[in-house]
Amino acid sequence: MLPSARDRTRRSSGGSSATVQSRPAARGGAVRRASTVSRERPRPTQEWPAPSIAAAAPGRRGDRMRRGDLLLASVTAVLARPSRARAQLAPQNGRVGLLTPIGLEGPATPRGGLLVRALETRGYVLGRNLTLVARAAEGRVDRLPALARDLAAEKVDAIVTVGFPAALAAKRTGVPTVVAVGAGDPVATGLVASLARPGGTVTGISDNDVDLSAKRLELLRDIRPGLRRFAILYNADDLGMSLRYRVTEATAGRLGLSVQALGVREPDDFATAFRGMDETRPEAILMVTDALTNLNRKRIFDDALARRIPAIYEQRSFVREGGLMAYGSDETEAFDRVAGMIDRIVNGEAPADLPFEQPTRFTFAINLKVATAIGLAVPPTLLARADEVVE
């Protein structure tokens with residue numbers, strides 16, 4: 001069953017959601033380029049916000065990026081008083097790497113903030129005993145292997161990764177790796193031997209593609225009654241996401257739906273994909289998220305809206321930016337469990353002995369403004385199940 005309406009959030013264009021309020025103006029502006037990093041992420045030359053760093057190291061305004069490094073940030077963190085459960089074994093000094101395929105993540109960004117706060121609850125607090133060292137490829141996934149080796153040279157205890165290419169690059173360093181989100185099926189991609197016994201240097205948390213594909217198709221059917229044909233937009237060069245496409249295709253077949261496969265490999269392929277939709281029009285779109293599709297998401301929002309085609313995405317934040325619907329795992333839960341694994345690794349446990357976990361909490365969000373623009377009447381039953389409604 002989809003999540004209930006309890007505790008769901010409504011965002012009004014006249015309220016706290018500035019992103020939603022400003023979206024129409026953005027649509028009429030300049031064409032967005034694939035290399036553009038999301039506005040909510042720090043730019044490559046941006047220094048980290050100073051407060052916590054200044055508290056830990058007086059006179060320092062933050063760690064600047066070293067020349068030749070791609071997006072390095074380092075923050076020092078403080079050890080809180082141990083809980084009774086851990087009174088006999090206080091947390092060790094930890095040095096944690098964070099490897100991402102797009103923008104830099106740190107304490108002031110959504111995912112980096114989730115990780116830092118989750119580590120805080122386990123006795124690691126910014127300012128004393130935890131160092132977070134971040135590297136990001138800015139959409140150039142070919143740089144990930146070098147960035148992973150750089151993190152290994154930094155002597156980190158573990159590398160937290162986002163996406164399959166980052167996880168694979170980190171695995172090849174031999175440094176304990178904790179997958180946070182977006183890596184696909186870790187067994188099918190060869191990251192681990194099995195979920196119960198990973199058997200190597202990689203553990204983490206990953207979605208169940210079969211269940212999530214079925215849920216997303218169910219939502220598309222709810223908002224487009226009589227749905228018979230839909231398109232899947234995915235990165236054909238990302239093994240994890242290509243396997244997710246195949247799982248979705250198989251699920252669609254069992255539901256009696258036909259699939260229009262639109263694999264992309266570079267930014268120019270998106271125009272070709274949408275021309276293909278003009279020739280053979282799908283009734284809906286499902287976008288599989290990786291670095292390439294993420295960087296081009298606003299083009300996809302615009303093209304889907306211009307063609308009045310409903311689309312569903314995997315990340316809740318996309319709905320606030322102009323996407324119609326999203327259904328996916330709760331990243332707060334994901335990073336909390338990742339922090340638990342990091343804590344165990346820092347205190348001596350091996351990733352091979354930490355089962356690869358799957359999320360238990362999921363969120364559904366819908367943008368009513370986009371639905372109206374497309375000409376969709378959102379069923380009240382669907383609206384009642386939303387955790388977040390953007391108006």
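Bear in mind that the values in this text are calculations on the coordinates, not laboratory data. In this text, all values refer to a predicted model and were calculated from it rather than measured experimentally. Here the Cβ positions follow ideal geometry from the backbone for every residue, glycine too, while neighbour counts run over all protein chains shown.
Within segment 337-374, which residues have the backbone N less than 13 Å from the label spot 7 Å out from residue 197 along Cα→beta-carbon, could you tell me?
Output list for this probe position: 352-355.
Under the rule of at least 5 residues apart or a separate chain, name every residue whose amide H is placed under 5 Å from the amide H of residue 202.
177
Hey, what do the phi angles of segment 321-331 turn into as Karplus ³J(HN,Hα) couplings, whole Hz, using 6.51/-1.76/1.60 and θ = phi - 60°, x for Gly and Pro?
Residue by residue, segment 321-331 yields 9, x, x, 6, 9, 8, 9, x, 6, 7, 6 Hz.
Taking H as built 1.01 Å from N, whose amide H comes closer than 5 Å to the amide H of residue 160, not counting residues under 5 places away?
Residues meeting the criterion, in which the H sits 1.01 Å from N, are 97, 98, 99, 178.
Any idea how far apart residue 275 and residue 255 come out in nm if each label point goes 7 Å out from Cα toward Cβ?
Here the answer is 3.0 nm between the modelled labels.
Taking the alpha-carbon centroid of each part, what is the distance from segment 108-163 to segment 324-391 in angstrom?
If we compute the Cα centre of each part, the gap is 21 Å.
In whole Hz, with x marking every Gly and Pro, tabulate ³J(HN,Hα) for segment 145-159 from phi via Karplus 6.51 cos²θ - 1.76 cosθ + 1.60, θ = phi - 60°.
My calculation for segment 145-159 gives x, 5, 5, 5, 5, 4, 5, 4, 5, 7, 6, 6, 6, 7, 10 Hz in order.
Hey, what D do you get for segment 205-268 in µm²/s if you plug the Kirkwood alpha-carbon radius into Stokes-Einstein at 10 °C and 1.306 mPa s? Walk me through the numbers on the way to the answer.
Details: Rh = 12.4 Å.
Taking Rh from Cα pairs, D becomes 128 µm²/s.
Residues with amide H under 5 Å of residue 362's amide H, sequence separation 5 or more or different chain, H placed in the peptide plane at 1.01 Å from N; which?
330
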